[in-house]
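This report concerns only the one structure given below.
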Amino acid sequence: MHTVLGANGPIGEELTRELYRTFTHDIRLVSRNPKKVHDTDQLVKADLTDPEATARAVEGSEIAYLTVGLPMDARLWERQFPAMMRNVIDACAKHGTKLVFFDNTYMYPGTTTPQTESTGFEPNGRKGRVRAQIATTLLDAMSAGTIDAVICRAPEFYGPGKTKSLTNSLVFDRIKAGKRPFVPVSAKTVRSLIWTPDASRAMALIGNTPDAYGQTWHLPVDPHRLTYAEMIEAAGQITGRRTGYTVLPLALFKIGGRFVGPLGEVQELLPRYRGDNIFDASKFTARFPDFTVTSYREGIAEILS
C-alpha cells in the first residue's frame, strides 16, 4: 500500500497518477475530503493535525508521501504544519512506514548563490521559519533512526491544471486569458521553476529507490533557465500574440500588503526575485540520468494550449 497524505492538490494528484502508471495500483488517498483519481483508489478522510486520525491513515502502508499544501497564511502554517509533521513521523515510526516528504525552498536565503541540498536554512519570514522547523524536525528523526525517510525539495511551481503559484497567476494565467501579464520585481533575472508533473514523477521515482532514502534531493528543473521577459517572449511565439508586460515593483507589494492579505503573505519571498534564482538539481540528474525534464517552452505551450 502506498499512501498519499494531502492527495487533492496538484502534486498529490500527479503523484497518484505516476504511482499508478509505474509502481502500484494499491493506493490510498488521504485528505479532509479525498477524491478518487482511479477507480481502485482507497479513500480515507483524515485531519493530519489529529494524531489518532493520522495513525489510522498511515496504518498498513509501505510508503507514505506527505504532499500537504496550505493557503498562504502564516498563522495557519504555524498552527498546523508542525503538528502534521510530528503526527506523520510518529505514525510512520509506529507502523514501520517509509516517508517521502515533498518540501519547498521557503527556508533558503533569498540570495543569488546557487541553492544545493547542502544550502543552510536562513528563512526571511514566518512561513520560511515554519518550513525550516518542520524540515529540521524530520532531519532530526532521520538522524536518530526513528524513521526511514527522504526529503524531496522543489522551487516555485509552474504547470497545468490546479497548479497555483505566483508565476502561474500573474504571468501565464493572464496571458491565457488575453490579459497583460504582471512580473514580480524584475523581468531580467533568471528564474528556477519546476513543472509540477515533473516534480510528482521525480518524487515517485525517489520514493521507490531504496538507496535514495536518508537524504535530501532537489527535484529536477530545466537547466536552461529563462527570465520572465524570455518566458513571455516564448509565450508570444507559441500563441502568435505578442504581448508586453508590467513589472510590479517591490514597493507595490509592501504597500499593497497592508491592505490585501495575499500581497503581504508573499513579501518574504520577493528578495529572491531581485536577482538570479539558481536551484541546482545536478545531484538528481547524476543519479537518474534517464529522467526526462520538461523544457520551459514545452511547459508554457501546454499551459497555453
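Quick note: the coordinates plus some simple rules give every number you see, no bench work behind them. The structure displayed is predicted, hence computed values, not measured ones. Every residue, glycine as well, gets a Cβ built from its backbone with ideal geometry; the counts of neighbours run over all protein chains shown.
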### Message
Strictly greater than 27 Å: what percent of every Cα pair in region 148-276 meets that?
### Response
27
### Task
Jot down the per residue volume, in cubic angstrom and as a whole number, of the convex hull over the alpha-carbon atoms of region 192-259.
170
### Task
On a 0 to 90° scale, report how tilted helix 196-207 is relative to the longest principal axis of the chain, with both axes built from alpha carbons and the result rounded to the nearest 10.
30
### Summary
If unit charges are put on Cβ atoms (+1 for Lys and Arg, -1 for Asp and Glu) and the dipole of region 1-64 is taken about its Cα centre, the option from Gly9, Leu48, His25 lying farthest towards the positive end turns out to be Gly9
### Task
Give me the number: length gained by fully extending Lys176 to Glu62, i.e. 0.36 nm times residue separation minus the C-alpha to C-alpha distance, one decimal in nm.
36.9 nm
### Message
If amide hydrogens are placed 1.01 Å from N in the peptide plane, which non-local residues have theirs closer than 5 Å to the one on Leu226?
### Response
Arg191
#### Entry: Quotient of C-alpha Rg and 2.2 N^0.38 Å, computed over region 62-150
1.11
### Task
Using the structure shown, select from Lys45/Lys164; Lys45/Lys176; Lys36/Lys176 the pairs with a Cα to Cα distance greater than 25 angstrom.
Lys45/Lys176; Lys36/Lys176
### Query
What list do you get for Trp195, Trp77 if you sort them by fewest beta carbons within 10 Å?
Trp77, Trp195
### Query
Where does each of 140-152, 46-58 land if you order them by average Cβ count within 10 Å, highest first?
46-58, 140-152
### Message
Give me a comma-separated list of calculated 3J(HN,Hα) values for region 9-16, in order, Karplus coefficients 6.51, -1.76, 1.60 applied at θ = phi - 60°, integers in Hz, x for any Gly or Pro.
### Response
x, x, 5, x, 5, 5, 4, 4
### Query
Using the Kirkwood formula over every pair of different C-alpha atoms, what hydrodynamic radius in Å results for region 135-180?
13.4
### Query
Which residues' amide hydrogens lie under 5 Å from the amide hydrogen of Glu156, considering only partners 5 or more residues apart or on another chain, with H built in the peptide plane?
Ile194
### Query
Can you give the Rg and Dmax of region 1-42 based on its C-alpha atoms, in angstrom?
8.8, 26
### Query
So what's region 101-213 giving for Cα Rg divided by 2.2 N^0.38 Å, two decimals?
1.23
### For region 1-73, radius of gyration divided by Kirkwood radius, i.e. Rg to Rh on alpha-carbons
0.94
### Added length on full extension, which subtracts the Cα-Cα distance from 0.36 nm per residue, Phe291 to Thr227
20.6 nm
### Query
What is the ratio of the Cα radius of gyration of the chain to 2.2 N^0.38 Å, where N is its residue count, to two decimals?
0.98
### Message
Under the 0.36 nm per residue contour assumption, what length would be gained going from the current alpha-carbon distance of Leu43 and Ser305 to full extension?
### Response
91.1 nm
### Message
If the elastic network links every pair of Cα atoms under 10 Å, which of Leu76, Leu269, Leu66 fluctuates the most in the Gaussian network model of the chain?
### Response
Leu76
